[in-house]
Ligand code: EPZ
């Protein structure tokens, strides 16, 4: 059933919420459970549609997946198939991270190539070149990639691309290499906390990795991996989103269970914008409106995360000066701009840079979510806008935010989730 969010802006958000487990760690970690026949227990698994879908794919591969209590999943892949069908892969591009797990466990894989999505093309050429560097034979036919890893062996694997490192590409090569004879050296590796978390799980499973969190990861292959238990890191993108919710409404929001070290570039820009930011070992607090323009460029970790670009754009609409946001990861990741403009935002695009002239009063309007982070940005803008906003196609939001409207309500937001039919007819788009 299609749902919409109705938001009435103007309430400063105040209070404390608990961070959920990271979606972008949970997905590769779930894939990694295929690397052993033994049982793997994961804690702090976020309750998200993308995560539930990954469980469906793992069951299709032959694994048992049981949620033994809220957020705790027990998985066991005793016997699995190397084939992953198109009808599953096409629904979630991130399922590409199964490739490395299937190669690491079975030394072969057959997977439909995931399509692109609204934030731009989502190629996997670096994943495939990385597997070829390890001696895999790759065949593509009919939109399916066939990987023959019978001759796989440790190698130097350059993983850098035109936009820098690749997060899931690095995850795939790590999972393929942990059971590959010899030494694998991944160059230009992604250093994101989610990749480090995957490395921590693999280490608990008996893998031998060094250099996690740096550009060079060295892996000594082992014959087999065993079961393990692991708690997933907090979701830094979700944390950043809630901190913006506090700042954009001139409120005071604390997120517990957050790791400030995972958000240093973002927090630096938040402080630069004039928001008061306080941090502790496991919490981050943001209070007060932004007052200064900010110029930011998204780059691979530890740079400013592309997944917080849309949210920060919404925030800078409060500042009566010209801010700029440049995308170096996904140059087309600006679907939110036209929708923000419907709310009165003055934003000018020039290539992969958005120039934001803030300070104008935003007014509520019916808007359309287009992708996960854009939908969050529209809701954030609606919280600061005058009047009523209807955000349509909420399923985008549910892919990456657990109980988003409930958690915002707990901070004082006037937001309600409704069936799409509840939206006034004259506001409904065709
Ligand atoms: C991960 O996607 C995240 N998803 C994305 O989060 C995030 O935006 C992205 O990393 C960048 O940080 C998950 O972890 C599930 P990439 P991933 O490979 O790994 C190009 C969200 O909102 N590239 O690091 O697919 C690519 O086109 C999602 O939670 C190639 O050219 O991203 C992009 O420009 C959206 N060839 C850049 O590299 C390749 O083979 C970075 O992509 C692979 C990537």
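Multiply the residue separation of residue 353 and residue 216 by 0.36 nm, subtract the distance between their alpha-carbon atoms, and state the gained length in nm to one decimal.
46.3 nm
Of the DSSP beta bridges with both residues in the chain, give the percent that are antiparallel, rounding to the nearest 5.
Counting only bridges with both partners in the chain, antiparallel ones make up about 70 percent.
Remind me, relative contact order of the stretch 24-231 in percent, using alpha carbon pairs under 8 angstrom and six or more residues apart? If you can, show how the numbers build up before the last one.
Details: 469 pairs, mean separation 43.3, N = 208.
Across the stretch 24-231, relative contact order equals 21 percent.
For the stretch 233-324, what class follows from the C-alpha gyration tensor (a ≥ b ≥ c being the square roots of its eigenvalues): rounded when a/c is under 1.5, otherwise prolate if a/b is larger than b/c, else oblate?
On the way: a/c = 1.89, a/b = 1.22, b/c = 1.56.
Oblate is the answer for the stretch 233-324, as a/c is 1.5 or above yet b/c matches or exceeds a/b.
Taking the 0 to 90 degree range and rounding to the nearest ten, how far is the long axis of helix 372-384 tilted relative to the main principal axis of the chain, both from C-alpha atoms?
20
Which FRET efficiency, nearest 0.05, do residue 416 and residue 282 yield, Cβ-Cβ r, R0 35 Å?
Details: r = 31 Å, r/R0 = 0.89.
Computed FRET efficiency for residue 416 and residue 282: 0.65.
Using Cα atoms only, what is the angle between the long axis of helix 236-248 and the major principal axis of the chain, expressed in degrees (0 to 90) to the nearest 10?
That helix lies at roughly 0 degrees to the long axis.
With an 8 Å Cα cut-off and a minimum separation of 6 or more residues, compute the relative contact order for the chain in percent. Before the final figure, lay out the partial values.
Working: 1080 pairs, mean separation 88.8, N = 430.
Relative contact order here is 21 percent.
Using the Cα gyration tensor of the stretch 24-231, with a ≥ b ≥ c the square roots of its eigenvalues, what is the shape: rounded (a/c below 1.5), prolate (a/b larger than b/c) or oblate (neither)? Before the final figure, lay out the partial values.
Working: a/c = 1.31, a/b = 1.13, b/c = 1.16.
The shape class here is rounded.
I'd like the distance separating the alpha-carbon centroids of the stretch 356-430 and the stretch 1-28, in whole Å.
The two parts, judged by their Cα centres, are 11 Å apart.
Per-residue ellipticity at 222 nm for the chain, helices alone: DSSP H runs ≥ 4 residues times -39500 (n - 2.57), over residue total, nearest 500 deg cm²/dmol?
Working: 14 runs with 130 residues, N = 430.
Rounded to the nearest 500, the figure is -8500 deg cm²/dmol.
What shape does the stretch 136-176 take by its C-alpha gyration tensor, where a ≥ b ≥ c are the square roots of the eigenvalues and a/c under 1.5 counts as rounded, a/b above b/c as prolate, and the rest as oblate? Numbers along the way, then the final one.
On the way: a/c = 2.21, a/b = 1.27, b/c = 1.73.
Note, shape of the stretch 136-176 comes out oblate.
Report, in degrees rounded to the nearest 10, the 0 to 90 angle that the Cα long axis of helix 23-32 makes with the longest principal axis of the chain.
For 23-32 against the chain, the angle is about 10 degrees.
Give me the number: length gained by fully extending residue 409 to residue 183, i.e. 0.36 nm times residue separation minus the C-alpha to C-alpha distance, one decimal in nm.
That works out to 76.3 nm of additional length.
Can you tell me the Rg and Dmax of the chain, counting just the alpha carbons, in angstroms?
Values for the chain (Cα only, Rg and Dmax): 21.6, 65 Å.
Each value in this text was obtained by applying a stated rule to the coordinates, not by laboratory testing. All of these numbers come straight from a predicted model, not from anything done at the bench. Quick reminder, even Gly has a Cβ in these numbers, built from the backbone with ideal geometry, and neighbours come from all protein chains shown.
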